[in-house]
There are 2 protein chains.
Amino acid sequence: MDEFELIERAFRARAPVTHPWTRVPNGDDASVHAGPDGMDIVVSTDTSVAGRHWPEDAPLDRAAARAVNAALSDLAAMGAEAAWCWLNVMVREAREADAMGEGAARALAAARVELAGGDMVRAPLNALTVTVAGLVPEGRAMRRSEARAGDDLWLAGECGLAAWALEAWQAGRRDVEARRFLDVRPLLAEGVRLREAGVRCCIDVSDGLLADAGHVARASGVGLEIRLEDVSGFAWLGERVEEARAARLALAGGEDYALLFAASPELRERLAGMGSRVGACVADHPGLVRATLRGRPVECDVAGFRHFG
Amino acid sequence: MDEFELIERAFRARAPVTHPWTRVPNGDDASVHAGPDGMDIVVSTDTSVAGRHWPEDAPLDRAAARAVNAALSDLAAMGAEAAWCWLNVMVREAREADAMGEGAARALAAARVELAGGDMVRAPLNALTVTVAGLVPEGRAMRRSEARAGDDLWLAGECGLAAWALEAWQAGRRDVEARRFLDVRPLLAEGVRLREAGVRCCIDVSDGLLADAGHVARASGVGLEIRLEDVSGFAWLGERVEEARAARLALAGGEDYALLFAASPELRERLAGMGSRVGACVADHPGLVRATLRGRPVECDVAGFRHFG
């Protein structure tokens, strides 16, 4: 049973209540609820744990900034403007709380987000739960369920570089390339621009390109086809590692926080410069994702980052 | 440095952004933000950790229900109707996630609250971050800063019983009285009634009566006087333990989730049956709390539950 099935069985299936002001319930990158003045409120929450979401020897300020930015990326995927954040901090020692506060504050300031609340508890490990909320015009939040057969599939940002950097870090490198997995930049402005351009379907690539494309395929009931040679990051990786490994990193490496989105071909001109076209949404193989490299199928047995294998 | 000072220095002092739609910022039981249709949205978040907020040998379903109910208690203190919950779960094993899901779902169903999102991560310890949101008419959220000299001080619910029960549990008892620290009932309906009756100042007693009264005294700039003999729970404790220990439990034992509120004497008639009058708000000793037992000062050196001593 993987993380998603366990959450479904242990939590969601047992929670039947839906509030009348909820527009998008549990299950997308974020939930969406009625807000004031013609706006909807978009909420997402993520937990990051030392040793699991960042290496124990990574600087804690950067790890905390990474956690905040990763949570903000879910708002980007919905096309929301980020507004508020709540931080729940588990720390081993007071000085570690100080480092985490410094990094979290840096990320919040960069995104102009208010720290609206949170708590802190001493624990035997360092961890951070980041809950974020943002605003989007009523009914306009981008959703993973809105891809249609015939749509183009687009990618804003790169895939595989965070996974490559993490492997480099674990191999002992400490240069700017190896630190890249900590330097998440949430594509907030990009998400807003996509939504304003008319994009209805978007997801952020946190679990890995194939895994997140799979979420879109299943939620939308379409098949997805991805041309690996058009995925940003793959060529860069191909210069550094053998092709099979570059393919695995680009397709299955998580935590890059690129935006994968689907849009009608009519939007091509308007979306020029907002990403790369990497494939198509098809009526064939609904719920499945197929990747090709120069026209030939790519096998990839790692379906992304899962907490329960 | 205690938890509050550390949060202030490491996080709040570094986060200057305030969103124009925020009505009550970081620092009360919850933050409050503009909502739709003349309502405000009230948000609070709490982390509970095994071995810290519940004993390692407590049943995990009840521990999870306790965590959800404790978070909902913050909405009760604001006078809000509970609407949504987000759960971030750290678990050691899948079957523990199942138990936590069962307990959390029970608490959410009892309060008719929607599970709007969350995540799950495998970790070396069990923990639960509960973020809750509720609704309150615009500008009507009860706040800890609204006590005025001359107000009566009231208590709805009992103090000291959770701490007593936890001590009994730790001494090996497993009966209904000893399990009481797990059986948090958030006083949501009571909070709404208080707000509707005109109460403007309320806090939930999570850190301990003296500590939480101290939050009110400092935020409101008044002195508080508490008559211990009028505190519900103290008499019950006095039948079981010596008086000094009963006083310590009632004044400093946390996690009872009673509601402490202040209200003008003009509201006495309307508030009859909604709590016990336990003291007064005074212009003397602003920011300080003084407790008496039958007219004599009570010394209590335990200022409540703090994570960083």
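A few remarks follow.
- The stretch B:280-294 and the stretch B:6-40: distance between their alpha carbon centers, rounded to Å: 29 Å
- Couplings for the stretch B:226-243, taken from phi via the Karplus curve 6.51 cos²θ - 1.76 cosθ + 1.60 with θ = phi - 60°, read 10, 8, 4, 5, 9, 7, 4, x, 5, 5, 4, 5, x, 7, 10, 9, 5, 4 Hz in order; Gly and Pro are left as x.
- Other copies of A:GLU243: label-to-label distances in nm, shortest first, labels 7 Å along the beta-carbon direction: 8.8
- A:GLY279 long-range amide H proximity, modeled H, under 5 Å: A:LEU153, A:ARG227
- Rough spin-label spacing in nm, given labels placed 7 Å along Cα→Cβ, for A:VAL176 and B:ALA197: 6.4 nm
- Total formal charge among the other residues, if their Cβ is under 14 angstrom from that of B:ASP183, Lys/Arg +1 and Asp/Glu -1: +1
- Proximity of backbone amide H atoms, modeled 1.01 Å from N, is registered between B:SER232 and B:CYS159 at under 5 Å, excluding neighbours fewer than 5 places apart on the same chain.
- Most fluctuating residue given options B:ARG218, B:ARG268, B:ARG180, as computed from a GNM of chain B linking Cα atoms under 10 Å: B:ARG268
- Take every DSSP beta bridge whose two residues both sit in chain A; close to 75 percent of them are antiparallel.
- Cleavage-rule hits (GluC sites (Glu not before Pro)) in the stretch B:231-262: DSSP loop, at most 15 neighbouring Cβ within 10 angstrom: B:GLU239, B:GLU242
- Between the stretch B:177-233 and the stretch B:112-128, the Cα center-to-center distance that results, in Å: 27 Å
- Taking A:GLU146, A:GLU56, A:GLU225 in turn, the Gaussian network model of chain A (Cα-Cα springs below 10 Å) assigns the largest fluctuation to A:GLU56.
- Of all DSSP beta bridges in the protein assembly as shown, antiparallel share, percent nearest 5: 75 percent
- The distance from the alpha carbon centre of the stretch A:154-170 to that of the stretch B:80-105 is 32 Å, rounded to a whole number.
- Computed 3J(HN,Hα) for the stretch B:210-223, one whole-Hz value per residue from the Karplus formula 6.51 cos²θ - 1.76 cosθ + 1.60 where θ = phi - 60°, is 5, 5, 6, 4, x, 4, 5, 4, 6, 5, 8, x, 10, x, glycine and proline marked x.
- Largest mean-square fluctuation among A:ALA77, A:ALA162, A:ALA116, in a Gaussian network model of chain A whose springs join Cα atoms under 10 Å apart, belongs to A:ALA116.
- Of the trypsin sites (Lys or Arg not before Pro) found in the stretch B:50-98, the ones in coil according to DSSP and having at most 15 other Cβ atoms within 10 Å of their Cβ are B:ARG92.
- For the protein assembly as shown: rounded, prolate or oblate by the Cα gyration tensor [a/c cutoff 1.5]: prolate
- For the stretch A:277-289, 3J(HN,Hα) per residue [Karplus equation, 6.51 cos²θ - 1.76 cosθ + 1.60, θ = phi - 60°, Hz, x = Gly/Pro]: 6, 10, x, 8, 9, 10, 7, 5, 5, x, x, 10, 10
- Global geometry of the stretch A:3-137, whether rounded, prolate or oblate, following the gyration tensor of its Cα atoms and the 1.5 cut on a/c: oblate
FYI, it's all coordinate maths here, none of it is from the lab. Remember, it's a predicted structure, so these values are computed and weren't measured experimentally. Cβ sites come from the backbone with ideal geometry, for glycine too, and all protein chains shown count toward neighbours.
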